[in-house]
Amino acid sequence: MTSRDGERTAMEEERMNETIRQTLAASRRPPEPPLDAMWLQIEERVFGNAKPRFVLHTRTPRWFIPTLAAAAALVCGVGLGWYAAPRTVVTQVVASPAAATPATQQIASADATPSNTENSNTENSKSVASPMPSRATARIQNAHLVATSDSRDLAAARLASQFNDAGGGSEMSRYLAQTTVLLASLPSDRAAAESDTAVATRAGELLTQTHLLLDSKAGSDPTLHRLLEDLELVLAQVARLRGQRNGTDLQLIHQTLTAHDVLPRVHDATIEASTTD
Amino acid sequence: MSEAHLIARVLEGDRLAGRELYDAHASRVYRLAYRMTCDENMARECTQDTFVRAFSRLNGFRQEAAFGTWIHRIAVSVVLQALRSQRRQSARFVDMEEAREVAAGDDGHDAELASRLERAVDELPEMYRTPLIMHDLEGYTHAAIADALSIAEGTSKTRVAHARAKLRDTLTALRDQ
């Protein structure tokens, strides 16, 4: 307050205040705001240059994170399983003399000692000349593929127990993932013999698991059962690759994969199994 | 659509929701910026900066106060910062003369009155000038001013009263001449 204020009445002050207010309001009257021009600048600085007229709500769906986590865990599991799997265990395939069919003998001879290689070649050439083996024949062949080492029997027994105890859910996921990896890494026509042997060995291991799964609770589902049967056929074919393959072996495998849509079905089953884990 | 919903959509990147919020508050923010700066370009820049700052800090807006209150608080801060940093006093005086001529027309007495009062307002310390402009020219309540300037409501009243007294002195001196 200044000294002059004391001399003025409240009314006079109010009148002066109103004069001041009106004068300032007139002299500082704002122009019409350029709303659109200002918004263009704001929009560019806040939302960037792209200007979609309709906004897509890109909030991550609820199911995405758990699925992503499950997929990541699956990939890690596959990777660990692939590299940690014992490479020294060799599937020794023998034919049961009593029930052996010529086709079974072919498989047995293909996996036998090097001294039998020549025989296997001649037998192999016969089998290649024949059309793709039927599912029934392959089933008969695979029924006689047995693991002879004690450690393998124990492992198979343990695996079977796990399948039946836990409903086979997580084991099924792992099996399907490993099978996918194997089928995706099938050697090319020009691949070295070493890669054939490694893949064939792995296919033999997965074939044993396929049998166990077919006889487990998990394999009682009709869709899954049909898939396992198809995988059994493919894996049996892959298990026969031992570096001495004929050029059409891989072609037959790929035909089987394509004819039965195996890989897409394995993919679907993997997702199904991972969500039920 | 409620303001809270609009805010949520802006946070998701919905620029149309942003435009709705902007339309609801931009005019008043611009008016305040112009009243405080008397510079069209500055008012425009300050308005843009206010909304850019508000949208970029929307995550931190707790919605305890209304969005309007919050954005005017930002606007006052942006304008004061601009006035302090740019120091466009001389340019503003030129603008004041132009504004005075537009406002007063050919009336010499009114023109002189407006010019003197404008200068008196500009000479007021910022702590008095801002509450006076917000209250007497833009109609903000003392509560809103207090919130925007982070002062007590009573302090706002005192500062407006003090600013008025200064301007009355100017008016009296002009009349006495």
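A short reminder: the numbers here are calculations on the coordinates, not readings from a lab. This structure is a prediction, so every number in the text was calculated from the model and none was measured. Positions of Cβ are generated from backbone atoms using ideal geometry, with glycine treated the same way; all protein chains shown enter the neighbour counts.
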Open item on the list: Let me confirm one metric for peptide B:162-173, namely the mean number of other chain beta-carbon atoms within 10 Å of its residues' beta-carbons.
Closed with: 5
TODO: With springs only between Cα atoms under 10 Å apart, run a GNM on chain B and tell me which of B:Tyr34, B:Tyr22, B:Tyr128 wobbles the most.
DONE: B:Tyr22
TODO: Give a residue-ordered list of calculated ³J(HN,Hα) values for the stretch A:23-38 (Karplus: 6.51 cos²θ - 1.76 cosθ + 1.60, θ = phi - 60°; whole Hz; x for Gly, Pro).
DONE: 5, 5, 4, 6, 6, 9, 5, x, x, 5, x, x, 4, 5, 5, 5
- [ ] Please sort A:232-239, A:250-257, A:14-21 by packing, taking for each peptide the average over its residues of neighbouring beta carbons within 10 angstrom, highest first.
- [x] A:232-239, A:250-257, A:14-21
- [ ] When a/c is below 1.5 the answer is rounded, else prolate if a/b is larger than b/c, else oblate, so apply that to the stretch B:10-51 with a ≥ b ≥ c taken from the square roots of the Cα gyration tensor eigenvalues.
- [x] prolate
Task: Hydrodynamic radius by Kirkwood, which averages 1/r over all alpha carbon pairs of chain B, in angstrom - done: 17.5 Å
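Just order B:70-76, B:170-176 by mean Cβ neighbour count inside 10 Å, highest at the front, would you? The partial results should precede the final answer.
On the way: B:70-76: 22.1, B:170-176: 13.4.
With the highest mean Cβ count within 10 Å placed first, the list reads B:70-76, B:170-176.
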